[in-house]
1. How large is the dipole of segment 31-180 about the Cα centre if only Lys and Arg carry +1 and Asp and Glu carry -1, each at its Cβ, rounded to the nearest 20 debye?
2. Report in % the part of the accessible area of segment 43-194 that belongs to carbon and sulfur, leaving out ligands and nucleic acids; probe 1.4 Å.
3. Write down the accessible area per residue of segment 39-113 in Å², having rolled a 1.4 Å probe over the full set of protein chains.
4. Largest first and in whole Å, give the semi-axes of segment 95-194's equivalent ellipsoid, each being the square root of 5 times a Cα gyration tensor eigenvalue.
5. Grab the alpha carbons of segment 85-136, take their convex hull, and tell me the volume per residue in Å³.
6. Please list 130-140, 63-73, 110-120 highest first by mean number of surrounding beta-carbon atoms within 10 Å per residue.
7. With a 10 Å radius around each residue's Cβ, average the other Cβ atoms per peptide and rank 83-95, 40-52, highest first.
8. For Asp96 and Ser51, what does the FRET efficiency come to when R0 = 25 Å and r is the distance between their Cβ atoms, rounded to the nearest 0.05?
Amino acid sequence: MIYLIMILSALLGCAANKDVKQNNGSDSSTEVEEKSWDFATWEECNQWVGSHPCNFQLMNQYGETTYLYDYHEKVIVIDLSTMWCGYCQNIASKPDEYMEKYGADKFIWLTLLVEDYEGNKADIKDLEIWSSLNNITSPVLAAGDIIDMSGENGFPASAWPTIVLINKEMIVSKAAVGWNEQIIQAWIEELLAE
């Protein structure tokens, strides 16, 4: 019985903080400055499976701006996590392991840190702490107001971690709440083989 409870807990993840603000488009961290991506010829975008994701512009742990669209032609894992979530802490060391396994030329893991330990929006210091504690060199990004349950202005995440996979053609291909390493690896390998 205890194993059943542990398995169910691992699949469910952490419940979202009810005070998380949804993205209303007013946060400048998710508004993308003028920059051109020739491949992005679609007129509509959203963060739902089967759609082209909307681009974002977020600060990483090194103080640099990171754009989602800069990773076109790579399989992208977006890990929406919070510092207070135990399941998020358990997978926090995975990004660099996966980057080494699958190759940085074909694959990127982006950790979007939504909240700090107290449930406040993550800031640059939180990104530095998270990446240092977990030995992460791949991008850890301050997610700002990137949660939007409509999926129009951000990711529709209601629990942590939420894992989103985007294929090389920049289409949201898979999404899961919680962490199941076998399933996530199978999805990554499926997208890499396309």
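The values are calculated or read from the model by the stated rules, or taken from the named source; none is laboratory data. Owing to the predicted nature of the structure, the values given are computational and were not obtained by experimental measurement. Counting neighbours? That spans all protein chains shown, and the Cβs are built from the backbone with ideal geometry, glycine included. Keep in mind that these areas ignore ligands, DNA and RNA; they rest on the heavy atoms of the full protein, side chains included. Shrake-Rupley method; radii C 1.70, N 1.55, O 1.52, S 1.80 Å.
1. Numbers: 9 positive and 24 negative charges, 122 e Å.
About 580 debye.
2. Details: 2980 of 6260 Å².
That share works out to 48 percent.
3. Numbers: 3160 Å² over 75 residues.
So segment 39-113 comes to 42 Å² accessible per residue, rounded to a whole number.
4. Details: eigenvalues 103, 65, 28 Å².
So the equivalent ellipsoid measures 23, 18, 12 Å along its semi-axes.
5. Details: hull volume 4.0 nm³, N = 52.
Cα convex hull per residue, to the nearest whole number: 78 Å³.
6. Values: 130-140: 18.3, 63-73: 15.1, 110-120: 20.4.
Result, highest mean first: 110-120, 130-140, 63-73.
7. Working: 83-95: 18.6, 40-52: 13.4.
With the highest mean Cβ count within 10 Å placed first, the list reads 83-95, 40-52.
8. Working: r = 29 Å, r/R0 = 1.15.
The value I calculate is 0.30.
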